[in-house]
Amino acid sequence: MLFNSFAFALFLPIVFALYWALPHKYRWILILLASYYFYMSWNAKYVFLILFTTIISYGAARLLEQEEMQKRKKWILVGTAVLCLGVLFFFKYFNFVSGSVADFLALFAIKMNPITLNLLLPVGISFYTFQTLSYVIDVYRGDVAAERHFGYYAAFISFFPQLVAGPIERTSNLLPQIKKHHTFDYNQATYGLKLIAWGYFKKIVIADTLSPYVSWVYDAPQNFSGFALVLATLFFTLQIYCDFSGYSDIAIGTSKLLGINLMTNFKSPYFSQSIKEFWSRWHISLSTWFRDYVYIPLGGNRVSKIRYHLNLMIVFLVSGLWHGANWTFVLWGGIHGAGQVVESILVPKQTIKRRSKGIFWLVRVAFVFAFASFAWIFFVSHSVQDAFYVISHLFTGISAPLAYVKDGLAAIEMEKFILLKEACLIFMMAAYDYFSLQVDVIQEISKKNVVIRWLVYLCLGWIIVFFSQKGVAAEFVYFQF
């Protein structure tokens, strides 16, 4: 069930009404049933995977809390990780590893037919696997107590707003809120609705409009060159942000309707002044997950310079692989890791932390945006060969600037009016993000007099209705991960 589907438009009001009508002691049951129904709407069979992962992690946490011998606790933790990650590996990485081994052996003239499995990747498996792992690790460390009530725990793992694409919630934040007695808060609910509307604007007005151009070019990049490739890359840079942050806004807004606050997942990342800052603002729930459960256990920055840089590279390579079973994702992660390593060597810490103003701010932001856009080439390309083709042909014909731009627009068949319309909508989104650096834009609008704020609401609603892509609801990009 997609957030941008008619089915969800029926599903959410029903869940909302039942949730607040039910006594507190029964609400977790509604959340659990609604979440499992939500997940089963994709493929009913795969609900057993999330149930299996939930049972294993729940039982492991209970055993960890009861066990006193540290050696046994480590074995319980390792066994749980093997089981949970084993399911993820089987469905997501088996074919990739099999093919990679065959390609490696071929270098030594050893022929091997790779074993491939014809399996559909269960939606959201990477997200809920990491959520269960963080819970078990937190119990192992003694940071949280093992949950005794299986129903509460199952509702925490499967909580439908963030189940399939995050944010990847922490036990200490989400689980207590599912157990807590909530009273309806009008301001929180209306804030959630406004955040949902803004998420829909980013997803169906910007991301879904840019998506066809990106797919057309990157499905067969050899048919294009020059400015067409630049435009497609720029469009994907904006598409993936609006698509994924739009999903997060809808998820967070939906949770607020139920009185539950999820963690912030994006903080205007394209206005970052360093690569390090970019990763403190982009997919925050994942970057902090890797920080707390991979980077810090490896030693973080409390080790030698070489080891510190190696830790950065390991984290980003693994992060790239988490996103997809393809070497393009590994290279994408490696580029960001290498960028942070180079930045830490060449740029003093004081400069990275300093908040520049004026032209210096603009230069720093433009550099990080260009760097992120370059890295996205590997993320969106279907193969490493395609990515290198795009990079090597980005500036073909740039010696004649006017023809370069004109030919690029003609190649992707984008009319000037469409380009101008998209530019205005993107400017609107960028303005929101810019002012978000200083204030809560939704709160500020809510403080205005009734005429101004309703003018803003109606204008946004009109834009969503008239400028959105009509027809079949498009999936969110991160559903594939």
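Please indicate, with yes or no, whether at least one residue in segment 72-88 is of a type in the set (Gly, Ala, Ser), over 24 Å from Leu121 (Cα atoms) and out of contact with any strand residue (DSSP E or B) (no Cβ under 6 Å at 6 or more places or on another chain).
So far as segment 72-88 goes, no, none of its residues is of a type in the set (Gly, Ala, Ser), over 24 Å from Leu121 (Cα atoms) and out of contact with any strand residue (DSSP E or B) (no Cβ under 6 Å at 6 or more places or on another chain).
Suppose the filter is modelled with pLDDT under 90, surrounded by fewer than 11 Cβ atoms within 10 Å (Cβ to Cβ) and either assigned to a helix (DSSP H, G or I) or in contact with an Asp or Glu (Cβ under 7 Å, 6 or more places away or on another chain) (or both); does Phe466 pass it?
yes
Filtering segment 225-262 to residues that are in a loop (DSSP other than H, G, I, E, B), at pLDDT below 95 and either open to solvent by 20 Å² or more (accessible area, probe 1.4 Å) or charged (D, E, K, R) (or both) leaves only Ser225.
Within segment 145-179, being open to solvent by less than 40 Å² (accessible area, probe 1.4 Å) and among the small types (Gly, Ala, Ser) holds for Ala146, Gly151, Ala154, Ala155, Ser158, Ala165, Gly166.
Would a scan of segment 46-68 turn up a residue that is modelled with pLDDT under 95, outside any helix (DSSP H, G or I) and either open to solvent by 40 Å² or more (accessible area, probe 1.4 Å) or within 14 Å of Ile157 (Cβ to Cβ) (or both)? Yes: segment 46-68 contains one or more residues that are modelled with pLDDT under 95, outside any helix (DSSP H, G or I) and either open to solvent by 40 Å² or more (accessible area, probe 1.4 Å) or within 14 Å of Ile157 (Cβ to Cβ) (or both). Within segment 429-454, the set of residues being open to solvent by less than 60 Å² (accessible area, probe 1.4 Å), within 28 Å of Lys357 (Cα to Cα) and of a type in the set (Ser, Thr, Tyr) comprises Tyr432, Ser436. Could you look through segment 69-80, keep only residues that are in contact (Cβ under 8 Å) with a residue 40 or more places away in the chain and within 29 Å of the chain's Cα centre (by Cα), and pick out the one that is surrounded by the fewest Cβ atoms within 10 Å (Cβ to Cβ)? Checked segment 69-80; the qualifying residue surrounded by the fewest Cβ atoms within 10 Å (Cβ to Cβ) is Leu77. For segment 323-354, residues that are over 28 Å from Ala387 (Cα atoms) and in a helix (DSSP H, G or I) total 5.
Looking across Phe290, Phe316, one residue alone is part of a helix (DSSP H, G or I), under 23 Å from Val384 (Cα atoms) and either open to solvent by less than 20 Å² (accessible area, probe 1.4 Å) or not aliphatic (A, V, I, L, M) (or both). It is Phe316. Contact annotation: residue pairs with Cβ atoms under 6 Å, 6 or more positions apart or on different chains, pairing a residue in segment 241-268 that is more than 20 Å from Gln131 (Cα to Cα) with a partner that is among the small types (Gly, Ala, Ser) and open to solvent by 20 Å² or more (accessible area, probe 1.4 Å), are Ser268/Ser436.
Could you tell me whether Val384 is closer than 22 Å to Phe227 by Cα and touching a Pro at 6+ places or on another chain (Cβ under 7 Å)?
no
Considering segment 355-449, there are no qualifying helices (runs of 4 or more DSSP H) wholly inside with 3 or more residues that are among the acidic types (Asp, Glu) and at pLDDT 95 or above. When you go through Trp376, Trp361 one by one, which is the residue that is surrounded by 15 or more Cβ atoms within 10 Å (Cβ to Cβ), closer than 28 Å to Asp433 by Cα and of a type in the set (Phe, Trp, Tyr)? Going through Trp376, Trp361 in turn, the sole match is Trp376.
For segment 106-144, residues that are in contact with a helix residue (DSSP H, G or I) (Cβ under 7 Å, 6 or more places away or on another chain) and either touching a residue at least 60 places away in the same chain (Cβ under 8 Å) or open to solvent by less than 20 Å² (accessible area, probe 1.4 Å) (or both) total 18. When each of Arg281, Arg307 is tested for being under 25 Å from Gln162 (Cβ atoms), without any contact (Cβ under 8 Å) to a residue 24 or more places away in the chain and open to solvent by 10 Å² or more (accessible area, probe 1.4 Å), the lone residue that passes is Arg281.
Checking Phe3, Phe38, Phe96, Phe16 one by one, the residue that is open to solvent by less than 40 Å² (accessible area, probe 1.4 Å), modelled with pLDDT of 90 or more and not basic (Lys, Arg) is Phe38 and no other. A Cβ distance below 7 Å, combined with a sequence gap of six or more or placement on separate chains, defines the contacts here; from segment 420-431, residues that are in contact (Cβ under 8 Å) with a residue 12 or more places away in the chain reach residues that are surrounded by fewer than 17 Cβ atoms within 10 Å (Cβ to Cβ) in the pairs Leu425/Phe467.
The values are calculated or read from the model by the stated rules, or taken from the named source; none is laboratory data. In this text, all values refer to a predicted model and were calculated from it rather than measured experimentally. Glycine also receives a Cβ, built like all others from the backbone with ideal geometry; neighbour counts cover every protein chain displayed. SASA here: full protein model, heavy atoms, side chains in, ligands and nucleic acids out. Shrake-Rupley method; radii C 1.70, N 1.55, O 1.52, S 1.80 Å.
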